[in-house]
Each structure stands twice: as C-alpha cells, then as structure tokens.
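Structure, as structure tokens:
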Amino acid sequence: MTEPKIREAELALYRRVTWRLIPILFGSYVAAYLDRVNVGFAKLQMIADLGFSDTIYGLGAGIFFLGYFLFEVPSNLLLHRIGSRRWIARIMITWGLISISMMFVTSPGHFYLLRFLLGVAEAGFFPGIIFYLTCWYPSRLRAQILAYFVSAIGVSGIAGGPLSGWIMQQFDGAHSMAGWQWLFLLEGIPSLVMGFIIWRWLPSSIEEALWLTTDEKSLLTRELSKEVKVAHQLPLRSVFLHARVWGLGLIYFTLMMGLYGISFWGPQIIRNAGVASPLYIGLASTVPYVLAVGMMVIVSRFSDRAGNHTRPTVICFSLGATGFGLITIAGSNQLLMMVGLAVATSGVLSAMPLFWTFPARFLGGAAAAAGIALINSLGNLGGFVSPYLVGLLNDLTHDTRVGLLVVAVSLAAGAVLASFLLKSRGAGAASDTLHHTGDTF
C-alpha cells in the first residue's frame, strides 16, 4: 500500500472512531451544560417567587464550582482507575437526579446546598472527557475533535434558550408548579437518559471497542505511542507542584470568567436591552451561539492545519474581552448589545478547544488525568467568581455593566498571559508543530 493510501485509510479509521464516540459525548455535554446553566433562565422567575437578591442568585449559581473544584481531581483519578464508561455514566445519572431536585428549592440555604451537590456530582465529567479523547486521538487531530465536543456548549445555547423560555412560559402554573420548577424537571431528564446510553455503548478504551479489528486497534495505539516521548510521565504528586499546570489553570480561570459571564448573565443582558418575554429572550440568545459554533470549528481546523494553536488562542481571548467591552457600552441599543454578545461568545467558545491542546503535550498517563483535572478545577473557580462578583456588583451599584467590565478585563489579562505562558518550552509555539500533517476530517 502506498503512503497516500495509508494516510487515507488512517483518516478513514479516525472518521469512523469519531462517528462512534463524538455523538454520544456531544449529547452528554449538551445535557450537562443545560443542567449547569439553566439556572440563568430560571432566575427570570425564581428570584421573584422566592425573594432572592442578585447576590443570593450569583452565589448560588457560582457555588456549583466549589463542589466541582473540591472533587475534580479525585473524580478524574477514579475515572482513570475504574474506566471511563462506568464512571462517566455514574456522573451523569447522579447529576441528573440532583438537577431535577432543584425544583424543590424554597430557601437560599437549600439553593446553595443543591448547587454545591450538583458541582460535586458533575466533578470529573469535562476533564474526564478531555483525558478520554487524548487516549484516542493524536495531537495533530485534537483541536478539531475537541471543537466538535465543546461545540455542545453552543448547541445547548442554541436549543436550550428557546426550549427554556418555552417551558417557563407554557408550563407556568400547570399542576400548581411554577415555570422554573418545570424547567428543572424537564431539562434534568436527558442527563439520566444519556447516563444509561453511555453505560451501554461507550467503550472505556481502544481495547474495549468491539467494533474495531485487531489491526485497527494496533494502528490507533501505534499513533498514540509516537507521542509518549513528548508527554512526561511525572510522578503523580509532582503534578500538583508543576508551575506549568498552575499557569494553565490561571489562564483557564480567566476564560471561565468569560464563559459563565455569558451563561449565567446572558438572559439578563438581553432583558436589560429591552426584551421582556422569556420566549423572546430565549430566541435572541441563540444568535450568539449559532455564530460561535461555526467560528469554533473553523478556527480549530485552521489551527490544526497551520500547526499553531498559540496565536489563535490569544486572538480568541482578545475577541472575548472586546465583546464584553461592547456590551458594557451598549446600554439599550439592542443591535450593539447583540453584536457584543456574539463577539464575546464566539471568542470565548473558540478559545476552549484550542486551550485544551496544550496540557497533553507535557503530561501523560495518570499525570495527565490529574493535571487536566487540576487545570480544569482551578479554572472553574472562575465559574464561581464570575456570577457571584457580577451579582454582588449589580446589587451594590445597580448596574450590571460594572461586573461585565470586570469580566472583560479578566479576558484581556488572559490574552496577555496566554501570549507569554503558552510559548514556554513544552507547552507553546515550539511544540505547536509537533507531529503536524495538516490532517482534517
């Protein structure tokens, strides 16, 4: 077989692997993200019904990430030991049940507790999937594969906005339940369903995939083994002291400030611009996500082909900061507000798959599982700080723009950090060209 035919056969195999794995993982992340952020839509009714302030809401929305932070690394280590299929299924079923129980919230304490437990239940899901995909795909294909997976955030925004608005408007008062209660009930069910699908059909490893031949398994394993020399097999305890891990965690923190600024406050931003109906707010919220999904896939493919992920990452952070800056000056100008929201969402979401190509370049094995989880947990503290800080500043100043300006500054700082830290040896430009062939599929 000639070299071009070998490359063609290899890419055809990766396409088949992608069609087997990504739809399941994609559907799971759509359900996960919907359960994580639907509290942003519930806020439109819930805080008035329960008498919550913006500070209470912001703390409750953000406290999810404290549970996430505390249990992220242990969860990913258990995934590495127990197997992806069993552990990810457990995660999804547990958080589905807790998400549904949010319909019974009656007090701030109850709200805080359930949001914390939801974070504990979901801990390990996202970094677990990132680690799982590094066990299937070589680095030259990873950005676009991660883009397919992370685009679930955009799809959950596209579908979740109108769905959430419709549920709250149509079911409000049915069977003596408020619209926000129906929201938590109906949107928690898909997570339970996806948990059972993962248990049944997701292979934990290449060797466990019954739909692959022995030769195909060998080919996939051989491609990954070429990168073993690049990834350091660090002692597990060294991961927690590794400066590069903490640097990546800091960069990711600024990115999560932006992501959850959009997710938890997006509906309120649209309402502040003069859109009143929950259904119309939901429909308007789809526009930024539609643009973001397209940009995410295009940028990731371009970066893989160019063999450089550092420069596009910095540009995407900068776009996110610019978008939030536009929102703060938009006032009641709905067009400028939507442009700002679209730019911010596109920049933030496009940066995510690019960012996650870096950790696996210097971490391998259990160290990769722990390192990815630690970076994600450190970064997701931004998910706690962002909604709480915006809510607190909103109550103090009665102006949402103050908190959103802080988010813009955070993303700008992330762009500066990324421009320096992602160029460092082993995690930046020097390794951007490693194993690059320009493959796309």
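The values are calculated or read from the model by the stated rules, or taken from the named source; none is laboratory data. Bear in mind the structure is a predicted one, so any value in this text is a computation, not a measurement. Don't worry about glycine lacking a Cβ; one is built from the backbone with ideal geometry, like all the others, and counts go over all protein chains shown.
Only one residue in R81, R140 is modelled with pLDDT under 85 and either surrounded by fewer than 18 Cβ atoms within 10 Å (Cβ to Cβ) or touching a strand residue (DSSP E or B) at 6+ places or on another chain (Cβ under 7 Å) (or both), so which one is that? Before the answer, list the steps.
On the way: R140 fails: either surrounded by fewer than 18 Cβ atoms within 10 Å (Cβ to Cβ) or touching a strand residue (DSSP E or B) at 6+ places or on another chain (Cβ under 7 Å) (or both).
Being modelled with pLDDT under 85 and either surrounded by fewer than 18 Cβ atoms within 10 Å (Cβ to Cβ) or touching a strand residue (DSSP E or B) at 6+ places or on another chain (Cβ under 7 Å) (or both) holds for just one of R81, R140, which is R81.
Please state which one of T106, T94 is outside any helix (DSSP H, G or I) and either crowded, with 23+ Cβ neighbours inside 10 Å or out of contact with any Ser or Thr (no Cβ under 7 Å at 6 or more places or on another chain) (or both).
Step by step, each of T106, T94 is checked, and only T106 is outside any helix (DSSP H, G or I) and either crowded, with 23+ Cβ neighbours inside 10 Å or out of contact with any Ser or Thr (no Cβ under 7 Å at 6 or more places or on another chain) (or both).
Return yes or no: is I198 in a loop (DSSP other than H, G, I, E, B), of a type in the set (A, V, I, L, M, F, W, C) and within 26 Å of the chain's Cα centre (by Cα)?
Values: in a loop (DSSP other than H, G, I, E, B): no; of a type in the set (A, V, I, L, M, F, W, C): yes; within 26 Å of the chain's Cα centre (by Cα): yes.
Spelling it out, it is not the case that I198 is in a loop (DSSP other than H, G, I, E, B), of a type in the set (A, V, I, L, M, F, W, C) and within 26 Å of the chain's Cα centre (by Cα).
Mind listing whichever residues of the stretch 201-241 are of a type outside the set (A, V, I, L, M), assigned to a loop (DSSP other than H, G, I, E, B) and either in contact with a helix residue (DSSP H, G or I) (Cβ under 7 Å, 6 or more places away or on another chain) or modelled with pLDDT of 80 or more (or both)?
Going through the stretch 201-241, the residues of a type outside the set (A, V, I, L, M) turn out to be 201, 203-205, 207-208, 211, 213-218, 221-223, 225-227, 229, 232-233, 235, 237-238, 240.
Still in the list and also assigned to a loop (DSSP other than H, G, I, E, B): 203-205, 207-208, 211, 213, 226-227, 229, 233, 235, 240.
Selection gives P203, S204, S205, E207, E208, W211, T213, E227, Q233, F240.
Does the stretch 382-394 contain any residue that is in contact with a Leu (Cβ under 6 Å, 6 or more places away or on another chain), at pLDDT below 85 and among the hydroxyl-bearing types (S, T, Y)?
Yes, the stretch 382-394 contains at least one residue that is in contact with a Leu (Cβ under 6 Å, 6 or more places away or on another chain), at pLDDT below 85 and among the hydroxyl-bearing types (S, T, Y).
Here are F52, F69, F65: which of them is under 18 Å from the mean Cα position of the chain (by Cα) and surrounded by fewer than 23 Cβ atoms within 10 Å (Cβ to Cβ)?
Values: F52 fails: under 18 Å from the mean Cα position of the chain (by Cα); F65 fails: surrounded by fewer than 23 Cβ atoms within 10 Å (Cβ to Cβ).
After applying the criteria, what remains is F69.
How many residues does the stretch 105-115 hold that are in contact (Cβ under 8 Å) with a residue 24 or more places away in the chain and farther than 17 Å from G383 by Cβ? Before the answer, list the steps.
Going residue by residue through the stretch 105-115, those that are in contact (Cβ under 8 Å) with a residue 24 or more places away in the chain are 105-108, 111-112, 115.
Subsequent filtering for residues that are farther than 17 Å from G383 by Cβ retains 105-108.
Counting residues in the stretch 105-115 that are in contact (Cβ under 8 Å) with a residue 24 or more places away in the chain and farther than 17 Å from G383 by Cβ gives 4.
Looking only at the stretch 6-45, filter to residues that are hydroxyl-bearing (S, T, Y) and out of contact with any Asp or Glu (no Cβ under 9 Å at 6 or more places or on another chain); which one of those is surrounded by the most Cβ atoms within 10 Å (Cβ to Cβ)? If you could, list the steps in order and put the result at the bottom.
To start, the set of residues in the stretch 6-45 that are hydroxyl-bearing (S, T, Y) comprises 14, 18, 28-29, 33.
Filter once more, keeping what is out of contact with any Asp or Glu (no Cβ under 9 Å at 6 or more places or on another chain): 18, 28-29, 33.
On the way: T18: 17, S28: 26, Y29: 22, Y33: 22.
By that ranking, first place goes to S28.
Which of the residues belonging to the stretch 40-73 are outside any loop (DSSP other than H, G, I, E, B) and free of Cβ contacts under 8 Å to residues at least 12 places away in the same chain?
Within the stretch 40-73, the subset outside any loop (DSSP other than H, G, I, E, B) is 40-50, 54-73.
Scanning the stretch 40-73 gives I47, A48.
Kindly establish whether R311 is under 21 Å from I375 (Cα atoms), in a helix (DSSP H, G or I) and not aliphatic (A, V, I, L, M).
Numbers: under 21 Å from I375 (Cα atoms): yes; in a helix (DSSP H, G or I): yes; not aliphatic (A, V, I, L, M): yes.
Spelling it out, R311 is indeed under 21 Å from I375 (Cα atoms), in a helix (DSSP H, G or I) and not aliphatic (A, V, I, L, M).
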